[in-house]
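Read through the structure below, which is laid out as structure tokens, and then see the notes.
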């Protein structure tokens, strides 16, 4: 299909799996692909693109049904698995070879699926509060993590269906980043979230990753979380360590789930230091 909506002037467009994928690209060198999370799109990476492109060919695609498509959350073809397949074909269509693949939040779920099913496309894997789901022993911590995720998505979807989009967005953002975080965002950042709000209605499940999957990851990994991020991310990183030896998690100080905004210097340094010799 061709895009029936406008592609922004700062973006390119590529047909992938019969679907138009808009993306930003800048720089030269080994490709670094940035994958956004829930209720966001490629625009969330703007400052990172400007910095990382000094040393890398940086590519930030928007996933299927996110901005600039005005989507109402119905019609199917929206899932982590679909986005992972799109992303793998996107990289192959652009002849990127093996890429540094960075996924934030739900984008972490997407890049992990790429790692599981298309490992030939990956040079390194970076999870920024990556949303990875593994079978875990029932403990108070794992129960709290599961309840957090369930409540977060259920509250978001309920508020959207009630028609109170600002309330839906603010409750979601504050739950991930702390009370009052939404009120501190610029109008542009709030609009970015609201532009993608209806995608939450279709975000109903996440694939489960097993220890056998993690053991097959034969590329360097960087695990990032914020000092004030929800504890579920640390929990699942630790579960991954029960499967195989992994590098220590880098904790970005004075930062939460939006760590690249909360402490951009520490976040950018952690990513660039990891990529320096790879």
Helix-only mean residue ellipticity at 222 nm for the chain, each DSSP H run of n ≥ 4 adding -39500 (n - 2.57), per residue, nearest 500: -12000 deg cm²/dmol
Which one, 36, 117, 257, has the greatest fluctuation when you compute a Gaussian network model over the chain with C-alpha springs under 10 angstrom? 117
Compute the projected area of the convex hull of the Cα atoms of segment 1-159, averaged over all viewing directions, and report it in nm² to one decimal place. 10.4 nm²
Which residues does the label zone of residue 276 cover in segment 120-154, counting backbone N under 15 Å from a point 7 Å along Cα→Cβ? none
Where is the GNM fluctuation largest for the chain (alpha-carbon springs, 10 angstrom cutoff): 49, 160, 126? 160
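For segment 63-140, what Kirkwood radius comes out of the mean inverse Cα-Cα distance, in Å? Provide the component values of the computation, followed by the final result.
Details: mean 1/r = 0.0736 Å⁻¹.
Final number for the Kirkwood radius of segment 63-140 is 13.6 Å.
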Between segment 227-244 and segment 1-31, the alpha-carbon center distance in angstrom: 33 Å
Pairwise FRET efficiency - residue 54 versus residue 231, Cβ, R0 = 51 Å, nearest 0.05: 0.90
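May I ask you to derive the relative contact order of segment 199-266, considering only C-alpha pairs under 8 Å and at least 6 residues apart, and to give it as an integer percent?
Working: 68 pairs, mean separation 23.6, N = 68.
Contact order relative to length: 35 percent.
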When the chain is modelled as a GNM with alpha-carbon springs shorter than 10 Å, which of 236, 90, 219 fluctuates the most? 219
Expected output is a single nm value to one decimal: the length gained when fully extending between residue 137 and residue 215, i.e. 0.36 nm times separation in residues minus the C-alpha distance. What is it? 26.2 nm
Consider a paramagnetic label point 7 Å from the Cα of residue 201 along Cα→Cβ; state which residues of segment 66-96 have an amide N under 17 Å from it. 66-67, 69-79
Pair residue 95, residue 149: separation of 7 Å Cα→Cβ label points (nm): 3.9 nm
Over the chain, what is the relative contact order in percent, taking alpha-carbon pairs closer than 8 angstrom and at least six residues apart? 18 percent
Under a crude label model (7 Å from the Cα following the beta-carbon direction), how far is residue 26 from residue 245 in nanometres? 3.9 nm
What number do you get for segment 153-207 when its Cα radius of gyration is normalised by 2.2 N^0.38 Å, N = residues? 1.09
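Tell me the Kirkwood radius of segment 217-276: reciprocal of the mean inverse pair distance over distinct alpha-carbon atoms, in Å.
Working: mean 1/r = 0.0830 Å⁻¹.
Result for segment 217-276 stands at 12.1 Å.
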Mind computing the radius of gyration and Dmax over the alpha-carbon atoms of segment 120-278? Å is fine for both. 16.8, 50
Is segment 11-60 best put as rounded, prolate or oblate by its Cα gyration tensor, with a ≥ b ≥ c the root eigenvalues, rounded for a/c under 1.5, and otherwise prolate when a/b is larger than b/c, oblate when not? oblate
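No lab work stands behind these numbers, since they all come straight from the coordinates. No experiment lies behind these values; they were computed from the predicted model shown. Every residue, glycine as well, gets a Cβ built from its backbone with ideal geometry; the counts of neighbours run over all protein chains shown.
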